[in-house]
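Have a look at the structure below, then the notes.
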């Protein structure tokens, strides 16, 4: 299995698009952080050196996870898009193992990217002089939450991509799950569902407090449930399909 | 034990039966041609053998086991299907390294197979820049990574120039000489007639016939065509010697199942004038067209 995961990571490493995606993720996170820092001192914005500013700066770095999730989608769908699925299965006929390796690789990609995005946000915050980053339990929680959330989004989106298979359609999954759902549910007065959505559980993982927010352990359980359900559905689809 | 054994293989896509109760064996140490008209079910059959398409019924064994149950199949069987399964942004070498990695095949083997298929100079070029012929060679290189005893190739000559076709023939023959087995589907019947020892012919998903090229072609039709101004006399004389002979529309004598030596001796004994004498044999293409046409009439 290790060799399979490494093979999936090599596929990412040896594809130029990967580096464009990662650069895009860092850029998006950096822009979001800079926008927050630019608003410091304005009405309704966090104060300089405040814990809220630290939380906001480190929190918005997670926006880069959207681009990483798109890359996780491509990790799966390009096998079908370029018909490389055939040669992949000829070398490793067990579709379950191949897909599992892809999900693990997506998770590793997400976790590593989450850590990088967190560091980028922290460095920009420190450079601005507006953010104080004392190493404490809260910072560690934010770091772990950022890494786990990025890994989760990449895993979930890769699993849903295996279910959908069509690259164009699958690329809509990350923005819908990570942006649209969180925005639309309150608009339709479905706030009670929000804590149980992936977006709500990710927020709870970072220690955000809102109406009905779940404890960290429950948020983690919710994320794992979503990931497993999507993985099983994706696996079922791939197992049953013919590679013509 | 047959290298590849197909028993009662059936595949239905909705209401369409692509492969229907197909059974055949591919003997070890041979090149076996897999023939059929377009839409006969060749590619579907190969993909079922390789575990890519789930059969509706029947089974296919490679080296005694279903492909999906082979432990590290790259070392048992190499397959090259259509030359489209490449990420265009990757180099040829990296494409192969990705395939090599899960089977712990070392990188030097990647360089070896690139050398074998004559792609060493293009190893660091992106596959998107490759011609169809180069992609065919790269696909073959992927099949060779584990140096398997069995090769399954689907239309490997597509996109190859005459020199490439010649190279492939020599290459496959060399592998068989070393004890390898090749199952190859191709439209180039003349090419298969040269390189293959046996053929499996299917049509509309069903087996039409299976056998050696000799069985199918050699014994079913050879004749000597003689151009002579004394055709009637020659025909009568051959018939009197128990040789089946007839006059063709062009006024030539066609003697069946006989050698040029026998006809030559008969001509000399009778003191006849002969302008031309040609030994002819039915080609694999003639046999293929006849067999598949016969199937069409039957169905």
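Report yes if some residue within the stretch B:2-10 is within 13 Å of another protein chain (Cβ to nearest Cβ) and more than 18 Å from residue B:181 (Cβ to Cβ); otherwise report no.
no
Kindly indicate whether residue B:51 is assigned to a loop (DSSP other than H, G, I, E, B), over 19 Å from residue B:158 (Cα atoms), touching a residue at least 12 places away in the same chain (Cβ under 8 Å) and in the same structural domain as residue B:170 (by TED's automatic domain parsing).
Yes: the conditions hold for residue B:51.
Being surrounded by 17 or more Cβ atoms within 10 Å (Cβ to Cβ) and modelled with pLDDT under 90 is the requirement here; does residue B:204 meet it?
Details: surrounded by 17 or more Cβ atoms within 10 Å (Cβ to Cβ): yes; modelled with pLDDT under 90: yes.
Spelling it out, residue B:204 is indeed surrounded by 17 or more Cβ atoms within 10 Å (Cβ to Cβ) and modelled with pLDDT under 90.
Go through the stretch B:1-20 and give me each residue that's in contact with a strand residue (DSSP E or B) (Cβ under 6 Å, 6 or more places away or on another chain), surrounded by 16 or more Cβ atoms within 10 Å (Cβ to Cβ) and more than 13 Å from residue B:49 (Cβ to Cβ).
Within the stretch B:1-20, B:10, B:18, B:20 meet the criteria.
Check every one of the helices (runs of 4 or more DSSP H) wholly within the stretch B:72-157 and list those with 3 or more residues that are touching a strand residue (DSSP E or B) at 6+ places or on another chain (Cβ under 6 Å) and at pLDDT 90 or above.
Values: elements: B:92-100, B:107-116, B:132-144.
Output list reads B:132-144.
Count, please, the residues in the stretch A:100-136 that happen to be surrounded by fewer than 22 Cβ atoms within 10 Å (Cβ to Cβ) and part of a helix (DSSP H, G or I).
The number of residues fulfilling the criteria is 15.
Does the stretch B:149-158 hold any residues that are surrounded by 22 or more Cβ atoms within 10 Å (Cβ to Cβ) and more than 11 Å from chain A (Cβ to nearest Cβ), and which are they?
Once the filter is applied, which keeps residues that are surrounded by 22 or more Cβ atoms within 10 Å (Cβ to Cβ) and more than 11 Å from chain A (Cβ to nearest Cβ), the stretch B:149-158 yields B:151, B:153, B:156.
Against the definition (surrounded by 15 or more Cβ atoms within 10 Å (Cβ to Cβ) and within 24 Å of residue A:114 (Cα to Cα)), how does residue A:206 come out, yes or no? Before the answer, list the steps.
Values: surrounded by 15 or more Cβ atoms within 10 Å (Cβ to Cβ): yes; within 24 Å of residue A:114 (Cα to Cα): yes.
Spelling it out, residue A:206 is indeed surrounded by 15 or more Cβ atoms within 10 Å (Cβ to Cβ) and within 24 Å of residue A:114 (Cα to Cα).
Restricting the stretch B:98-130 to residues that are at the interface with chain A (Cβ under 7 Å from one of its Cβ atoms) and surrounded by 15 or more Cβ atoms within 10 Å (Cβ to Cβ), which is farthest from residue A:13 (Cα to Cα)?
Step by step, filter the stretch B:98-130, then rank; the result is B:103.
Going through the stretch A:1-44 one residue at a time, which ones are part of a loop (DSSP other than H, G, I, E, B) and closer than 30 Å to residue A:88 by Cα?
Correct list: A:1, A:14, A:15.
Which numbered condition trips up residue A:207, out of (1) modelled with pLDDT of 85 or more; (2) within 19 Å of the chain's Cα centre (by Cα); (3) under 27 Å from residue A:57 (Cβ atoms)?
For residue A:207, the exception is condition (1).
From the set of residues in the stretch A:28-85 that are free of Cβ contacts under 8 Å to residues at least 24 places away in the same chain and closer than 30 Å to residue B:86 by Cα, which is surrounded by the fewest Cβ atoms within 10 Å (Cβ to Cβ)?
A:83
Would you tally the residues in the stretch A:77-99 being assigned to a helix (DSSP H, G or I) and within 13 Å of another protein chain (Cβ to nearest Cβ)?
Here is the first cut: in the stretch A:77-99, the ones assigned to a helix (DSSP H, G or I) are A:77-81, A:85-91, A:95-99.
Keeping just the survivors that are within 13 Å of another protein chain (Cβ to nearest Cβ) gives A:77-81, A:85-91, A:95-98.
Within the stretch A:77-99, residues that are assigned to a helix (DSSP H, G or I) and within 13 Å of another protein chain (Cβ to nearest Cβ) number 16.
Evaluate the stretch B:180-190: report whether one residue or more is without any contact (Cβ under 8 Å) to a residue 40 or more places away in the chain and in contact with a strand residue (DSSP E or B) (Cβ under 9 Å, 6 or more places away or on another chain).
Checked the stretch B:180-190: at least one residue is without any contact (Cβ under 8 Å) to a residue 40 or more places away in the chain and in contact with a strand residue (DSSP E or B) (Cβ under 9 Å, 6 or more places away or on another chain).
Among B:136, B:69, which is loosely packed, with under 15 Cβ neighbours inside 10 Å and closer than 23 Å to residue B:52 by Cα?
On the way: B:136 fails: loosely packed, with under 15 Cβ neighbours inside 10 Å.
None of the others qualify; the one that does is B:69.
Would you say residue A:168 is surrounded by fewer than 18 Cβ atoms within 10 Å (Cβ to Cβ) and closer than 26 Å to residue A:85 by Cα? Give the derivation first.
Values: surrounded by fewer than 18 Cβ atoms within 10 Å (Cβ to Cβ): yes; closer than 26 Å to residue A:85 by Cα: yes.
Answer is yes for this residue.
Restricting to the stretch B:51-68, name every residue that is at the interface with chain A (Cβ under 8 Å from one of its Cβ atoms) and either over 16 Å from residue B:2 (Cβ atoms) or at pLDDT 95 or above (or both).
B:51, B:52, B:53, B:54, B:68
The values are calculated or read from the model by the stated rules, or taken from the named source; none is laboratory data. Not measured: the values here are computed from a predicted model. Don't worry about glycine lacking a Cβ; one is built from the backbone with ideal geometry, like all the others, and counts go over all protein chains shown.
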